């Protein structure tokens with residue numbers, strides 16, 4: 001099946017829909033907490049509402065910072081981005097007791113599309129372990145010969161069936177919706193970086209690899 005291409009406006013709309021979906025929940029929780037503070041007189045309930053607002057604000061901020069780097073411009077064309085910044089936004093996004101992020105990639109300046117690719121691969125890996133577990137990020141090799149690897153393992157581990165085709169730009173049914181746009185976009189970023197990307201699930205875990213064509 002040949003890879004499909006999306007109109008620029010459709011791509012922008014679908015990505016915006018995805019970002020909005022990610023931040024609606026914590027922003028809604030902040031609104032609910034503020035309503036409780038306005039109406040509730042009980043000190044204990046007010047403390048619970050305040051805690052909810054603080055946690056939800058941190059979550060919303062972490063998601064927006066992650067999305068800015070993973071989907072946004074993040075500098076001019078050809079810009080280099082510190083992988084340490086990518087690690088930090090990934091850690092902030094996954095700051096819970098369920099998921100352990102093992103980031104072994106060396107700190108370096110990397111082309112922005114490859115940094116965006118790593119972060120989007122992390123999203124796919126995290127989605128494969130909804131109950132938490134291990135998410136491991138590696139960069140094997142150097143420069144143009146480097147391969148990017150994300151490995152995920154945890155309870156109820158599962159790679160959504162449509163992901164491999166979406167990464168290749170060949171979605172089932174020949175169209176992409178807001179649910180599948182992130183994986184489709186990941187494939188687009190990989191190809192823009194002259195990398196081939198694959199995602200596979202085994203008993204050991206879910207492995208997502210983006211490598212130069214000669215290495216695949």
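Things to note:
- Tilt relative to the chain, helix 43-71 - C-alpha long axis, 0 to 90 degrees, to 10: 20 degrees
- Projected label distance in nm at residue 172 and residue 61, using a 7 Å step from Cα toward the beta-carbon: 4.0 nm
- If the segment from residue 96 to residue 203 were pulled out straight at 0.36 nm per residue, it would be longer than the present Cα-Cα gap by 36.1 nm.
- Shape category assigned to the range 84-191 from the gyration tensor of Cα positions, a/c cut at 1.5: oblate
- Between residue 192 and residue 213, the contour length at 0.36 nm per residue exceeds the Cα-Cα span by 6.3 nm.
- Sequence ranges 109-121, 144-156, ranked by mean other-Cβ count within 10 angstrom, highest first: 109-121, 144-156
- With Cα atoms, 0 to 90° folded angle of helix 112-127 axis to the chain main axis: 60 degrees
- Rounded FRET efficiency, nearest 0.05, which uses the C-beta distance separating residue 80 from residue 16 and R0 of 22 Å: 0.25
- Highest to lowest packing among 60-73, 16-29, scored as the average C-beta count within 10 Å: 60-73, 16-29
- Projected label distance in nm at residue 51 and residue 158, using a 7 Å step from Cα toward the beta-carbon: 3.2 nm
- Options (i) 17.0; (ii) 17.9; (iii) 18.4 - which one matches Kirkwood radius over Cα pairs in Å as calculated here: (iii)
- Length released on extending from residue 104 to residue 41, taking residue separation times 0.36 nm less the Cα-Cα span: 17.8 nm
- Mean separation of Cα contacts under 8 Å, 6 or more apart, over the residue count of the chain: relative contact order %: 19 percent
We did not get these values from a lab; they are worked out from the coordinates using the rules stated. All values reported here derive from a predicted model rather than from experimental measurement. Glycine also receives a Cβ, built like all others from the backbone with ideal geometry; neighbour counts cover every protein chain displayed.
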